């Protein structure tokens, strides 16, 4: 579990992510080495009461957790918020 800040990345459309620290990202990269594909790591994420599956994006030496609109709305998350995140590397079927 770690705390991360919600950031906005503007591309063709705005996207929101939770930014992992570089040290947490490096630790996860070592732990999930066999799961990484095209630089991304599949994970199951829990923020508040919301659990979802996604893939982490590598950016500038750390991983970013994409936040879907439904997750942000369910948890009342906005840009600049710091949220507690629990994540488990792997696909949803890996955790059953």
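How far, in nm, would the chain grow between residue 30 and residue 60 when pulled straight, counting 0.36 nm per residue and subtracting the alpha carbon separation?
That works out to 9.1 nm of additional length.
Evaluate the relative contact order of the chain (contact order divided by residue number), counting alpha-carbon pairs under 8 angstrom at least 6 apart; express in whole percent.
38
Pull out the extension gain between residue 53 and residue 23, defined as 0.36 nm times the separation in residues minus the alpha carbon to alpha carbon distance; nm, one decimal.
8.6 nm
Please report the orientation-averaged projected area of region 2-91, defined via the convex hull of its C-alpha atoms, in nm².
Result: a mean projected hull area of 5.6 nm².
Which value at 222 nm does the chain reach when only helices count, each DSSP H run of 4 or more adding -39,500 (n - 2.57), with the total divided by all residues and rounded to the nearest 500 deg cm²/dmol? Present the calculation step by step, with values, prior to reporting the outcome.
Numbers: 2 runs with 17 residues, N = 96.
Result for the chain: -5000 deg cm²/dmol, rounded to the nearest 500.
We did not get these values from a lab; they are worked out from the coordinates using the rules stated. Owing to the predicted nature of the structure, the values given are computational and were not obtained by experimental measurement.
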